[in-house]
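Please treat every number below as a calculation from the coordinates, not as lab data. Computed from a prediction, not measured in an experiment: that's the story for all the values here. Quick reminder, even Gly has a Cβ in these numbers, built from the backbone with ideal geometry, and neighbours come from all protein chains shown.
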């Protein structure tokens, strides 16, 4: 599929018509405030914040196999899925190990009268054993008491201070609105990313990576980094959920903000047990298209955060067009499960339009299952959420943060795909 700023939308049967009706990916909907663009440009003059300066680009064809054959059915897509996944693992996120040799779950707190009796709080130590090494991290889980059956759960990959996920509820943060989730009859959980891999270029191996690699300093260029390590922890949480009758493990969403959102999308692509993957303002290396070169670039993110991705990703610094994949294909790896991306009006660094375009350009894959998609030229305005059959997007006012407004839109998506009132 050849794209500039005028890419086609829809399945192959509609491709010609789509070319005729689209005028620009930037038509309608949200537009960046010129004053915000001016301020961001003054603050970071080496980066582009102007839509008119986005270069023309060609996205990898979404309905095409890795070896160039057209895809016209969902069966052909699924047959090609593993090859596409391997391209992301090899060139961007690294290859992630599976379960450790031994895995244990120990409940350290079980309070069935949390939130004045509305919920059960469970704190769980998840401990892994590999050869002579071991590693442990903590899971926080609130489940509503009045459900009538197994409960869907939203799992947050917390990239911020632990105070944002205070299980005592003495400190309440919009970043993890337990009371709101319980009020809507959802379970809500959290893990602390730093317990899996410290967010530091010098210390990130001191966690899950050491568990599998030991003390060696030699690493392959396609070895997994911190983002994948955080997602590895989410998969171990899913292992635990599968042991619980109270959790509907077929209806678990993984959610992250910023770097946590990058990890969330990769986790959903890698572990098909997750029914919904949610990116909250994840930007470059997450929801935003790399080829747009808008705001943060591949070279910048690799230079400032070399521990997030695999070493191979550095080969594409200032060479985004040479990437064998782009992020719309990462979104498509969720099909036929669900995926949601969200942006914030002031957060140009995360490229809101690039995030929307990414999820919209994944639509032809979801359409293979008969699900309604999102049109690339129909980006919604602020506080006008848009959902297709298995895709969702919104942009809200404000800056780089995860707020109650965002959480409620994600729970709205859960209501839709899981048929909940």
Contact order normalised by residue count of the chain, Cα under 8 Å, 6+ apart, percent
18 percent
Can you bin the range 102-418 into rounded, prolate or oblate? Criterion: square roots of the alpha carbon gyration tensor eigenvalues sorted a ≥ b ≥ c, rounded for a/c under 1.5, prolate for a/b above b/c, oblate for the rest.
oblate
Only Cα pairs within less than 10 Å get springs; with that Gaussian network setup on the chain, which residue of 113, 409, 387 has the largest fluctuation?
113
Given R₀ = 51 Å, FRET efficiency for residue 125-residue 321 by Cβ-Cβ distance, to 0.05?
0.65
What's the angle, to the nearest 10 degrees (0 to 90), between helix 404-418's Cα axis and the longest principal axis of the chain?
90 degrees
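Taking the Cβ-Cβ separation of residue 243 and residue 412 as r and a Förster radius of 45 Å, what is the calculated FRET efficiency to the nearest 0.05?
Result of the calculation: an efficiency of 0.95.
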At 7 Å along Cα-to-Cβ for each site, give me the label-to-label distance between residue 304 and residue 41 in nm.
2.0 nm
When the chain is modelled as a GNM with alpha-carbon springs shorter than 10 Å, which of 396, 133, 210 fluctuates the most?
133
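Could you give the length gained on full extension between residue 31 and residue 64, defined as 0.36 nm per residue of separation minus the Cα-Cα distance, in nm?
Details: separation 33, 0.36 × 33 = 11.88 nm, distance 3.17 nm.
In short, 8.7 nm is gained.
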Using label points projected 7 Å from each Cα along Cα→Cβ, tell me how many nm separate residue 134 and residue 404, to one decimal.
4.2 nm
Report the calculated FRET efficiency for residue 116 and residue 383 (r = Cβ-Cβ distance, R0 = 30 Å), to the nearest 0.05.
0.40
Does anyone have the angle between helix 352-361 and the longest principal axis of the chain? Alpha-carbon axes, 0 to 90°, nearest 10?
90 degrees
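Can you give the helix-only mean residue ellipticity at 222 nm for the chain, where every DSSP H stretch with n ≥ 4 adds -39500 (n - 2.57) and the sum goes over all residues, rounded to the nearest 500 deg cm²/dmol?
Working: 14 runs with 123 residues, N = 421.
For the chain, the value works out to -8000 deg cm²/dmol.
Per 0.36 nm of contour for each residue apart, how much would the distance between residue 99 and residue 52 grow if the chain were fully extended, relative to their Cα-Cα spacing?
Using 0.36 nm per residue and subtracting the Cα-Cα distance, I get 12.2 nm.
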Arrange the following residues from fewest to most other Cβ atoms within 10 Å of their Cβ: 284, 310.
310, 284
Which residue fluctuates the most in the chain, going by a Gaussian network model with Cα springs under 10 Å, if the choices are 271, 345, 33?
33
Taking Rh as the Kirkwood radius computed over alpha-carbon pairs of the range 185-305 and applying Stokes-Einstein at 25 °C with viscosity 0.890 mPa s, one gets a diffusion coefficient in µm² s⁻¹ of 159 µm²/s
In degrees rounded to 10, the 0-90 angle between helix 74-88 Cα long axis and the longest Cα principal axis of the chain is 80 degrees
Suppose we keep just the alpha-carbon trace of the range 115-164; what are its Rg and Dmax in angstrom?
14.6, 44
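For the chain, what is the percent of antiparallel DSSP beta bridges, rounded to the nearest 5? Each step should come with its number before you reach the end.
Working: 29 of 58 bridges.
Here the share of antiparallel DSSP bridges comes out near 50 percent.
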What list do you get for 243, 120, 147, 267 if you sort them by fewest beta carbons within 10 Å?
243, 147, 120, 267
Output ordering of 174-183, 77-86 (per-residue mean of other Cβ within 10 Å, highest first) is 174-183, 77-86
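Most exposed first by the Cβ proxy, i.e. fewest other Cβ within 10 Å, how do 74, 421, 53, 262 rank?
Values: 74 16, 421 4, 53 9, 262 34.
In order of increasing Cβ crowding within 10 Å: 421, 53, 74, 262.
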